[in-house]
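In what follows, a single structure is set out as structure tokens and then discussed.
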Amino acid sequence: MTPHVRPARTAPVLAAIAALVAGCVSIPDDGPVQTVEGGRPQQVSPARIRPAGPVSGASPTEIVNGFLQAMMSSPVRYDIARRFLTDGASDDWSPRDSVTIYSQTSVSEGDSPAIGSTVDVDLAREGVLTAQGGFTVPESREQSLGLTLVQEDEQWRIADPPQGALISQSFFESYYDAQNLYFFDSTGRQLVAAPVHLPDDANRATYLVSSLLMGTAGALGGQAKTYLPDTWVLARPVEIDDDGVAVVRFGGSDSGISLEDRERLSAQLVASLRQIPTITGVEIRVGDRALSLPSTPDVQRLDTWIQYDPAAGRSTQLFALRDGRLYVVDRATTSPFAGAWGTDQVRADDFRVSLDAERIALVTDARRVVRVSPLAGEPELVVVRQGTDLLRPSWDAEGRLWTVDRTASGSALTVGATDAPPRAVSLGLLESARVAAFELSADGARFLAIAELDGQPGLYVGAIRYDEEGVPVGLVDVAEIPVPAETGVPVSAAWRSSTSVAVLARAAQRVPQVSLVAIDSSTPVTGAVRVGLFPQDGARQVLGAGLPAPPLYVLDADGALWTQTSDGRWKQTGDDPVDLAAFAG
């Protein structure tokens, strides 16, 4: 089997799995939530909502208002909403094609046509979910619908409903959950995440697998790959037994799929499903038997495919420089680095330790030079980059050094090994910007930047394009990520996970605070998550390892490092200030 970049299928899963061809799974519109016989619910879900159907003699506006309410049920179902439609419209309506999220709505009687009645619906759209669950920002916020109602059996019914479902922002916030689909990078070496938003009910495991089956949908600038065959379909909803094992049954065949590809498709499924807390293992069945994986049990543990996890073995160590000496930082203490780097002084404007903690890159000479040295033994600094105003560099998992230089005309990025001339990589729309910070995600698939473009500072995120050999050749899908106005102006940012960013921002007349924002631009709808309440002014940098588990740190203007306690309060680490701090990588 050849790994492929599969375009998204048109069948949606936002509300449930679409009704597929015979032999494929379908979650019914009108049935109860399915659970394993004698088992437990698949997850803890929000309170159920069952909307009311149309009442006899309801007016056209009452029918339209009832229709809008009926699309917001949990678990998701559309049989009640269909009762507000004519028979013909009910057959043609496809609520699972998309989900429009609105913050305001106005329903009023329109001009009456020759036959029937018209009701106008005006929406303030905040976002649209694709069939797969991807969040998109609508080109136009305002949407006006003129719905025609006719009488069937002496009752008003909607004859021309909009395609897709409509839900309020409050319902979206309460009854949808941010999840990741896991695909592979362009080399097939490691998993990469694509964010989606799916209904938060007992069928979430089924939604995840169904979304995964739809393909990569252009993730990572079209580079993401899936190893799930496009001929496979779910044979029935995913079941979770009493031991927490998710049983995934596919219709199709695994004949002709290489062992390596079977391992990779298993890794995609396990990584996606392990986000559900109740799942302890995954069993994949194709037809009437388990997927053939010699040396791997039928029930795959959640850590079975750790070799494809970019977080596995990644350093989460925070380092600091104080008076030219290197220190190791943890929640409680700041200790000198073992060896000469912890005792000898080295002047530096900035620094970064490599992911394997074997080398250090120092920005020196008033940010005009980058020097690299092994960390073992005495410092042996070698000039590897030169520029005019160099930012803190980044190391990737291949040992390449990523360096941004700020020039009179904008900013320039170079990438490469330290023992060879680097390659210039276009920053795209950020080439003319003044970039203040540049960070790689833990999986190396994306970057973030704090940049000032056209006089306005903002947070930018994009994907990194690699060639077939895994060499970075460009940045794609570069876009500004909206930060809610109440959060303030971004000052510093760090990866919190592969799909979320910790932003240190200052609002007018307020102490800078740290908030989490999503890279898919959904934060203005879902709301930024405040990370505690920073107690004093002067915060200048937020620091993160790019993984959810390690703590975030904040470096303030006095050189104090802060991190959070178990109850969410910010607390200083150690007693002595530091000059600079950076996680490895």
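Would you check which residues across segment 310-325 are in contact with a Leu (Cβ under 8 Å, 6 or more places away or on another chain) and either part of a strand (DSSP E or B) or more than 29 Å from residue 183 (Cβ to Cβ) (or both) and list them?
Correct list: 318, 319, 320, 321.
Of the conditions (1) open to solvent by 10 Å² or more (accessible area, probe 1.4 Å); (2) out of contact with any Ser or Thr (no Cβ under 7 Å at 6 or more places or on another chain); (3) outside the structural domain of residue 548 (by the TED database); (4) free of Cβ contacts under 8 Å to residues at least 60 places away in the same chain, residue 282 clears all except one; give me its number.
Result: residue 282 fails condition (1) only.
Quick one: would you say residue 23 is modelled with pLDDT under 95, assigned to a loop (DSSP other than H, G, I, E, B) and touching a strand residue (DSSP E or B) at 6+ places or on another chain (Cβ under 9 Å)?
It is true that residue 23 is modelled with pLDDT under 95, assigned to a loop (DSSP other than H, G, I, E, B) and touching a strand residue (DSSP E or B) at 6+ places or on another chain (Cβ under 9 Å).
Would it be correct to say that residue 224 is farther than 26 Å from residue 76 by Cα and among the aliphatic types (A, V, I, L, M)?
Criteria met by residue 224.
Looking at segment 494-524 only, could you name the residues that are in contact with a Gly (Cβ under 6 Å, 6 or more places away or on another chain), open to solvent by less than 20 Å² (accessible area, probe 1.4 Å) and not in a loop (DSSP other than H, G, I, E, B)?
494, 495, 502, 505
Please find, among 364, 316, the residue that is open to solvent by 20 Å² or more (accessible area, probe 1.4 Å), in contact (Cβ under 8 Å) with a residue 12 or more places away in the chain and among the polar types (S, T, N, Q).
Residue meeting the stated conditions: 316.
In segment 382-405, which residue that is surrounded by fewer than 17 Cβ atoms within 10 Å (Cβ to Cβ) and of a type in the set (A, V, I, L, M, F, W, C) is farthest from residue 436 (Cα to Cα)?
Among them, the one singled out is 382.
Out of all the residues in segment 399-408, is one or more farther than 16 Å from residue 466 by Cα and at pLDDT below 95?
Yes: one or more hits.
Could you look through segment 464-475, keep only residues that are in contact with a strand residue (DSSP E or B) (Cβ under 9 Å, 6 or more places away or on another chain) and surrounded by fewer than 23 Cβ atoms within 10 Å (Cβ to Cβ), and pick out the one that is farthest from residue 410 (Cα to Cα)?
Among those that are in contact with a strand residue (DSSP E or B) (Cβ under 9 Å, 6 or more places away or on another chain) and surrounded by fewer than 23 Cβ atoms within 10 Å (Cβ to Cβ), it is 467.
Going by the structure shown, is residue 245 surrounded by 15 or more Cβ atoms within 10 Å (Cβ to Cβ), touching a residue at least 40 places away in the same chain (Cβ under 8 Å) and touching a Ser or Thr at 6+ places or on another chain (Cβ under 8 Å)?
The answer is yes for residue 245.
Got a sec? Which of 323, 349 is open to solvent by 10 Å² or more (accessible area, probe 1.4 Å), within 28 Å of residue 495 (Cβ to Cβ) and of a type outside the set (Ser, Thr, Tyr)?
349
Restricting to segment 285-297, what's the tally of residues that are surrounded by fewer than 20 Cβ atoms within 10 Å (Cβ to Cβ) and closer than 18 Å to residue 209 by Cα?
Of the residues in that region, 3 qualify.
Are there any strands (runs of 3 or more DSSP E) wholly within segment 328-430 with 2 or more residues that are under 26 Å from residue 450 (Cβ atoms) and either not acidic (Asp, Glu) or not assigned by the TED database to the domain that holds residue 455 (or both), and if so which?
Correct list: 350-353, 359-364, 369-374, 382-386, 401-407, 410-416, 423-425.
The values are calculated or read from the model by the stated rules, or taken from the named source; none is laboratory data. The model shown is predicted, which means the values in this text are computed figures rather than measured ones. Cβ coordinates were reconstructed from backbone atoms using ideal geometry, including for glycine residues, and neighbour counts include every protein chain displayed. Only protein heavy atoms, including side chains, enter the accessible area calculation; ligands, DNA and RNA are left aside. Shrake-Rupley method; radii C 1.70, N 1.55, O 1.52, S 1.80 Å.
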